[in-house]
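Below is one structure; the comments refer to it alone.
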C-alpha cells in the first residue's frame with residue numbers, strides 16, 4: 001500500500017502557535033517576560049469584557065484607507081454586513097498571520113455579501129505599506145490616536161515598561177502610530193449587521209490569540225440567515 005508523504009495544511013491556530021514559538025526563541029528572555037507581563041496586566045484589567053458586545057450599536061466612523069480615501073462604516077453597511085477587525089500594526093507578527101489568513105476568507109465572505117475591514121492605529125503611510133506588502137485586497141484603515149478603537153472599548157496604554165521593551169527590540173510605537181501615547185487596541189473582531197447593530201463580538205487581552213476564520217464564518221452565517229417567523 002502506498003503511503004502519502006504529503007503533510008496536512010497548516011491551520012490558522014498552528015500558524016499562531018508557530019509564531020509564538022519562534023518569537024520565544026529569538027526575543028531576549030527579559031523582553032519576553034516583560035511583554036508577557038503586559039498581557040497579564042491587560043487581562044486582569046477586565047478590558048476585554050468591556051468591549052462592545054453583540055446587540056449594541058456599532059459606533060460609526062470615517063477613516064482613511066491604504067489609498068488615503070475616506071471610508072465610512074455607514075456606506076459599507078448599505079452594501080451588506082461588515083466584518084470589522086482591529087489589529088496592532090504592521091510590526092506585529094501575529095497580526096501578519098491574521099491578515100494573510102483573513103485575505104483567504106474573501107470569497108466566502110462575499111457569499112454572505114460581507115465586507116472585510118481591518119483597522120490599526122498606525123499612520124496612513126504604514127497602513128499603505130501593510131496592504132501592499134501582504135497583497136491585501138480588502139479595506140485596511142488607519143485609526144491614528146485609537147479614536148475608533150476607544151469607541152469600541154478596545155484602546156489601552158501598554159505602559160512605560162512594555163513600551164521601552166518594545167523599543168529595545170526595534171518596535172517604536174510612537175514612530176509607527178504617529179503619537180506619543182504608547183497606546184494600542186485589543187485584538188478584536190466584530191460582525192456588524194446592516195441595521196448597525198453588533199451581531200458578534202470577539203475581543204482578547206492576549207494579542208497572541210485571534211478570532212479563528214471558521215468562527216467568523218459560522219457567526220456570519222448565523223447573522224445573515226433568513227429570519228423565520
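What to note about this one:
- Selection count where residues are surrounded by fewer than 18 Cβ atoms within 10 Å (Cβ to Cβ) and either touching a strand residue (DSSP E or B) at 6+ places or on another chain (Cβ under 8 Å) or over 15 Å from residue 185 (Cα atoms) (or both), scope the stretch 129-144: 6
- Looking only at the stretch 102-127, residues that are in contact with a helix residue (DSSP H, G or I) (Cβ under 8 Å, 6 or more places away or on another chain) and outside any strand (DSSP E or B) come to 13 in all.
- Residues of the stretch 149-185 that are in contact with a helix residue (DSSP H, G or I) (Cβ under 9 Å, 6 or more places away or on another chain) and under 23 Å from residue 198 (Cβ atoms): 153, 154, 155, 156, 183, 184, 185.
- Of the residues making up the stretch 63-73, just one is in contact (Cβ under 8 Å) with a residue 60 or more places away in the chain and exposed (fewer than 12 other Cβ atoms within 10 Å of the Cβ), namely 68.
- Candidate set: the stretch 155-186, residues that are touching a residue at least 40 places away in the same chain (Cβ under 8 Å) and part of a strand (DSSP E or B); chosen: the one surrounded by the fewest Cβ atoms within 10 Å (Cβ to Cβ): 183
- Restricting the stretch 145-154 to residues that are free of Cβ contacts under 8 Å to residues at least 40 places away in the same chain and within 15 Å of the chain's Cα centre (by Cα) leaves a set whose member that is surrounded by the most Cβ atoms within 10 Å (Cβ to Cβ) is 146.
Just so you know, all these numbers are worked out from the coordinates, no wet-lab data involved. Quick caveat, the model's predicted, so the values are computed rather than measured. Backbone-built Cβ (ideal geometry, glycine too); neighbour counts: all protein chains shown.
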